[in-house]
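Here's the structure, in structure tokens; my notes come after.
What follows is calculated from the coordinates using simple rules that are stated; it is not laboratory data. These numbers were taken from a predicted model, which means no experiment stands behind them. Cβ coordinates were reconstructed from backbone atoms using ideal geometry, including for glycine residues, and neighbour counts include every protein chain displayed.
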Amino acid sequence: MTDGRGVFITFEGGEGAGKSTQIRLLARSLQERGHDVAVTREPGGSPGAEAVRHVLLSGAAEEFGVRMEAILFAAARCDHVEVFIRPALSRGTIVLCDRFMDSSRVYQGVTGNLDPRFMETLERVAVNGMVPDLTIILDLPAIEGLKRARQRGEASAAPDRFEKEAIATHEKRREAFLDLAEREPDRCKVVDALQPVDAIAAAIRSLADATLGDKMRPRRSGAAR
Ligand code: TYD
């Protein structure tokens with residue numbers, strides 16, 4: 001859990017799961033209720049991390065291997081956490097982030113076949129205690145997600161480094177996100193992304209409200225300093 005006054009919520013899932021739409025809807029709903037909200041994304045979210053994003057998504061780092069890519073994702077994350085996320089949370093802001101450490105666990109760790117100890121070390125350094133309060137995993141079959149990703153006005157754009165991988169790889173990532181939710185059920189909540197947009201938004205709102213309620217509940221007197 002984050003130690004600041006804000007709340008840190010991350011969104012995960014495969015390509016075309018609707019993360020950006022849902023982040024926008026949740027941000028609006030929270031703002032309408034008077035919360036201070038910041039929306040950010042990975043890789044990126046700070047000037048240093050955005051520079052690394054370009055290297056990763058263009059495929060420029062691909063020839064140097066999965067380990068190198070994993071280190072670059074971690075470098076970007078480290079900068080994003082220290083430059084953007086931690087300061088925002090300590091101001092009391094609710095931070096909504098499109099992808100975070102679980103994407104590295106799944107894309108580099110599972111489908112990149114990297115050594116779990118190597119991945120854990122990278123994660124520890126990059127996240128530096130900033131574990132999300134809530135992680136929403138938007139789940140849908142890989143084939144459907146890829147179809148949607150291609151339809152959403154990016155039809156003419158070439159697929160990025162990760163989108164162009166085989167369908168079996170995308171399906172393996174879906175399973176890996178579901179495994180993760182089973183292993184960390186308190187933090188990670190799976191939402192069925194095949195539902196209508198409004199139903200997904202309502203499910204996410206109630207998960208976010210529960211987390212906000214937990215974090216903002218007054219401490220028991222014994223715990224107060
Ligand atoms: P992006 O254009 O942000 O797409 P999406 O809408 O799918 O989030 O591309 C980010 C890509 O980078 C996506 O394919 C997942 C991948 N990625 C990793 O492989 N590891 C990571 O740690 C992160 C944050 C993203």
**Request:** Just flag the trypsin sites (Lys or Arg not before Pro) in region 4-72 sitting in loop per DSSP whose Cβ has no more than 14 other Cβ atoms within 10 Å.
**Result:** R5, R33
**Request:** Could you work out how far helix 197-216 tilts from the main Cα principal axis of the chain, as a 0 to 90 degree angle to the nearest 10?
**Result:** 50 degrees
**For region 135-195 versus region 36-111, the gap between their alpha-carbon centres in whole angstrom** = 17 Å
**Item:** Residues whose placed amide H lies under 5 Å from that of R161, excluding near-sequence neighbours
**Value:** G59
**Fill in**
Relative to the compact-globule estimate 2.2 N^0.38 Å (N residues), the Cα gyration radius of region 7-212 stands at a ratio of 0.97
**Message:** For a quick check: with amide H placed at 1.01 Å from N, whose amide H comes under 5 Å from R41's, ignoring anything fewer than 5 positions away on the same chain?
**Reply:** D98
**Asked** Going by alpha carbons, how many degrees (0 to 90, nearest 10) lie between the helix axis of 66-80 and the longest principal axis of the chain?
**Response** 30 degrees
**Prompt:** What angle do you read, to the nearest 10 degrees and between 0 and 90, between the alpha-carbon axis of helix 142-151 and the longest principal axis of the chain?
**Reply:** 90 degrees
**Prompt:** Can you give the helix-only mean residue ellipticity at 222 nm for the chain, where every DSSP H stretch with n ≥ 4 adds -39500 (n - 2.57) and the sum goes over all residues, rounded to the nearest 500 deg cm²/dmol?
**Reply:** -14500 deg cm²/dmol
**Asked** In terms of the Cα gyration tensor, with a ≥ b ≥ c the square roots of its eigenvalues, is region 17-108 rounded because a/c is under 1.5, prolate because a/b exceeds b/c, or oblate?
**Response** prolate
